[in-house]
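A quick write-up on the structure given underneath.
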Amino acid sequence: MPGYVIHIATAKEYLRKHKNIEDEEEFIKGTIFPDCTTNKSTTHYGKSSGFTNINKFLEKNQINNSFNKGYFLHLITDYLFYNYYLDKFSKDIYNDYDIINKRLMEKYDINLPFEVKDKVFFKEGKTKILSYELACKVIDEISNYNLEAIAKESKEEKWNTYKNI
């Protein structure tokens, strides 16, 4: 899963670029919800966040409110992050999040929601899997997507093919 800060930054950029979200606070809550639970396979509608199934989410939910739109953006971000942006996966990525969190929070003007304040950490050092630049690219590109368009095309192969993680 991309770290909380990446998800929140993606949501904030989405809000800046798209004006179709009625309740920004609920949108952010929806964006962090899937990772705030212990059973991520349930909240990600797949084996794990790397195997997110957006079709299963859409079978049970509509993206007709701010919370569900944020939730849907979270699932899209996870899917694209693991299947299109990362070349490889390693547990080192969790350390990388801690290293880039501060810079991302400054760049995207993030104040951590109460729900994740005790789950976001900060470290110094060099990243091994995820660079700051790649994290910014993920945030900037994914925030351009149109959620309604993805919902319509979600049965296409692009949204149902998984890279070996």
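Table: residues versus (1) buried (at least 18 other Cβ atoms within 10 Å of the Cβ); (2) among the acidic types (Asp, Glu); (3) closer than 13 Å to PRO2 by Cα.
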position: PHE89; (1), (2), (3): no, no, yes
position: PRO113; (1), (2), (3): no, no, no
position: PHE121; (1), (2), (3): no, no, no
position: LEU134; (1), (2), (3): no, no, yes
position: VAL138; (1), (2), (3): yes, no, yes
position: ILE142; (1), (2), (3): yes, no, yes
position: LYS158; (1), (2), (3): no, no, no
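If a residue must be of a type outside the set (Asp, Glu) and over 15 Å from the mean Cα position of the chain (by Cα), how many such residues does segment 114-138 contain? Please lay out each step first, then the result.
Our first condition is that a residue be of a type outside the set (Asp, Glu); within segment 114-138, this holds for 114, 116-117, 119-123, 125-132, 134-138.
With over 15 Å from the mean Cα position of the chain (by Cα) added as a condition, the list becomes 114, 117, 119, 121-123, 125-129, 131-132.
Of the residues in that region, 13 qualify.
Only one of the numbered conditions (1) buried (at least 17 other Cβ atoms within 10 Å of the Cβ); (2) in contact (Cβ under 8 Å) with a residue 60 or more places away in the chain; (3) within 15 Å of the chain's Cα centre (by Cα) is not met by ASN146, and that is (1).
Testing ASP23 on (1) under 16 Å from the mean Cα position of the chain (by Cα); (2) over 17 Å from GLU153 (Cβ atoms), one condition comes back false. Which one is that? All conditions pass for ASP23, except number (1).
Quick one: is ILE129 part of a helix (DSSP H, G or I), of a type in the set (Val, Ile, Thr) and touching a helix residue (DSSP H, G or I) at 6+ places or on another chain (Cβ under 8 Å)?
Working: part of a helix (DSSP H, G or I): no; of a type in the set (Val, Ile, Thr): yes; touching a helix residue (DSSP H, G or I) at 6+ places or on another chain (Cβ under 8 Å): yes.
When the stated conditions are applied, ILE129 does not pass them.
I'd like to check which helices (runs of 4 or more DSSP H) are fully inside segment 24-97 and have at least 3 residues that are modelled with pLDDT under 95. Reasoning before the result, please.
Working: elements: 24-32, 40-43, 54-60, 66-80.
Output list reads 40-43, 54-60, 66-80.
The values are calculated or read from the model by the stated rules, or taken from the named source; none is laboratory data. Just so you know, these numbers come straight off a predicted model, no measurement behind them. No Cβ is skipped: glycine too gets one built from the backbone with ideal geometry, and neighbour counts run over all protein chains shown.
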